[in-house]
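The values are calculated or read from the model by the stated rules, or taken from the named source; none is laboratory data. This structure is a prediction, so every number in the text was calculated from the model and none was measured. All Cβ positions, even for glycine, are placed from backbone atoms using ideal geometry, and neighbour counts span all protein chains on display.
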Amino acid sequence: MLKLRPVAKAAILGVGLAMVAGPAIAKKDRSHQAVDLDPDQRGVVSGVGIEGQDLGRMADQMVRDLMANPEISNRATPPRIILDSSDLRNQSSQRIDKDIITDELRGKLMGAARGKMRFVSREFIAAVEQERALKRDGVVDSGTTGLTRATAGADYKLVGKITSLDSRNNDTGMQERLTVISLEMLDLEYGTLVWNGTYKIRRAGADDVVYR
Amino acid sequence: MRMYLLGAIAAGALLAVPAQARENRPVKCDIGDAKRSLSAGGPALVANVPSAMTPIDLNAVQMTDKKLANRVVVEGMFARRTETNSVEVITRFVNCTKKTVELDARSSFMDENQVPTEDSTYWKKVILAPKATGVYRGLSIGRDEVKYYLVEVRTSQP
């Protein structure tokens, strides 16, 4: 009879257990793997605020509404529009990167407009000014599109606010939030608002979700 | 004198028409009638093998689940051109039940060859109070090229 020391017995027992429990542990590990989700559907972690599925839906609604506005999308000369987050104010209780809203909207609107609107970038104007200076100093040639006297002035700018109304039941932990994203097209010469689009989200839930 | 009297009676009858409306009775539906109604025979989406699926009528509402089809009736379907010549479809639903019904609707737009002119709209939630109406609106991005549309409806999803 082979006699084993207690340490060796424990080692053999451990290996045996590992062999039996191996698939179960592996299965458990797989459950923690990242999964691909549809960006337009509610995710696994969801709360009462603005979420991924709202962005596409909101942008789709706004783009269709803008494209039906004759003052903006039916002009003989396509209007020039600044569409960035510099004048989108977040007054809501949720922390959010505002660029994700304006980038989604600009992307969809550029695809839909197909030349009926022109988009002016002020976010990266420093890059434009730097290249213009290099061309005029003769460091680089004039490129293929030629030189212009000045960069494009804009006719309209997207402005807006994100606001929210929060309520919470401390007995049940249930919380509710109404989030309103209100976007407007501001005439940069005359100061009038030529379009308004509002997207509302009202959600309730008890899950403790942190947006960051 | 008799002529005046007849005229007065006729005018009175015309004025009385609104008073004959059913005002104090909740709506009643016959879902079976709606289900059994035949296709108008207009344009439709047909499978490559025609018998492989029932045709999907265009310029119409398509319910995607039986549960909803047993609870909601399409009362009216309208389509019109906007000032920019895009198409706006408007659908009015009636909730035939005594409970609130939530549905999602989306629209698709096609050219004369039934080719999609753009992505379908996102699903939009419509909440129908018991025995009440609710309206869905969808706007196209495409303009002159849009010839057909389809509104799809499903039970609301979270």
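Here are some notes:
- In this structure, residue B:19 does satisfy being at pLDDT below 80 and aliphatic (A, V, I, L, M).
Residue by residue, here is whether (1) within 14 Å of chain B (Cβ to nearest Cβ); (2) surrounded by fewer than 16 Cβ atoms within 10 Å (Cβ to Cβ); (3) more than 17 Å from residue A:182 (Cα to Cα); (4) not hydrophobic (A, V, I, L, M, F, W, C) holds:
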{"position": "A:92", "(1), (2), (3), (4)": "no, no, no, yes"}
{"position": "A:97", "(1), (2), (3), (4)": "no, yes, no, yes"}
{"position": "A:102", "(1), (2), (3), (4)": "no, no, no, yes"}
{"position": "A:106", "(1), (2), (3), (4)": "no, no, no, yes"}
{"position": "A:111", "(1), (2), (3), (4)": "yes, yes, yes, yes"}
{"position": "A:120", "(1), (2), (3), (4)": "no, no, yes, no"}
{"position": "A:126", "(1), (2), (3), (4)": "no, yes, yes, no"}
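- For the stretch B:129-158, filtering for residues that are away from chain A (no Cβ under 14 Å) and over 30 Å from residue B:24 (Cβ atoms) leaves 6.
For every residue, the table says whether it meets (1) assigned to a strand (DSSP E or B); (2) crowded, with 17+ Cβ neighbours inside 10 Å.
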{"position": "B:48", "(1), (2)": "no, no"}
{"position": "B:94", "(1), (2)": "yes, yes"}
{"position": "B:121", "(1), (2)": "no, yes"}
{"position": "B:125", "(1), (2)": "yes, no"}
{"position": "B:145", "(1), (2)": "no, no"}
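- Which numbered condition residue A:181 misses (of (1) aliphatic (A, V, I, L, M); (2) in a helix (DSSP H, G or I); (3) in contact (Cβ under 8 Å) with a residue 40 or more places away in the chain): (2)
- Test: residue in the stretch B:112-124 that is modelled with pLDDT of 95 or more, among the charged types (D, E, K, R) and touching a Pro at 6+ places or on another chain (Cβ under 9 Å): no
- A count restricted to the stretch B:112-128 and to residues that are more than 20 Å from residue B:43 (Cα to Cα) and more than 12 Å from every other protein chain (Cβ to nearest Cβ) stands at 2.
- In the set (1) within 19 Å of the chain's Cα centre (by Cα); (2) surrounded by fewer than 13 Cβ atoms within 10 Å (Cβ to Cβ); (3) small (Gly, Ala, Ser), the condition left unmet by residue A:191 is number (1).
- Only a single item in (1) touching a residue at least 40 places away in the same chain (Cβ under 8 Å); (2) more than 13 Å from chain B (Cβ to nearest Cβ); (3) among the polar types (S, T, N, Q) is not met by residue A:74, and it is number (2).
- Within the stretch A:98-112, the set of residues being part of a helix (DSSP H, G or I) and among the charged types (D, E, K, R) comprises A:99, A:103, A:104, A:106, A:108.
- Checking each residue in the stretch A:60-71 for being touching a Leu at 6+ places or on another chain (Cβ under 9 Å) and within 9 Å of chain B (Cβ to nearest Cβ) picks out A:61, A:63, A:64, A:65, A:67, A:68.
- Residues (assigned to a loop (DSSP other than H, G, I, E, B) and either of a type outside the set (Asp, Glu) or more than 32 Å from the chain's Cα centre (by Cα) (or both)) located in the stretch A:113-136: A:114, A:115, A:116, A:117, A:121, A:122, A:124
- Matching residues, the stretch B:116-158, being in contact (Cβ under 8 Å) with a residue 60 or more places away in the chain and among the charged types (D, E, K, R): B:131, B:152, B:154
- Residues (of a type in the set (Gly, Ala, Ser) and within 16 Å of residue A:123 (Cβ to Cβ)) located in the stretch A:154-164: A:154
- Looking across the stretch A:164-191, the residues that are closer than 30 Å to residue A:152 by Cβ and touching a strand residue (DSSP E or B) at 6+ places or on another chain (Cβ under 8 Å) come down to A:181, A:182, A:183, A:184, A:185, A:186, A:187, A:188.
- For the condition outside any strand (DSSP E or B), among the aliphatic types (A, V, I, L, M) and over 18 Å from residue A:120 (Cα atoms), residue A:139 qualifies.
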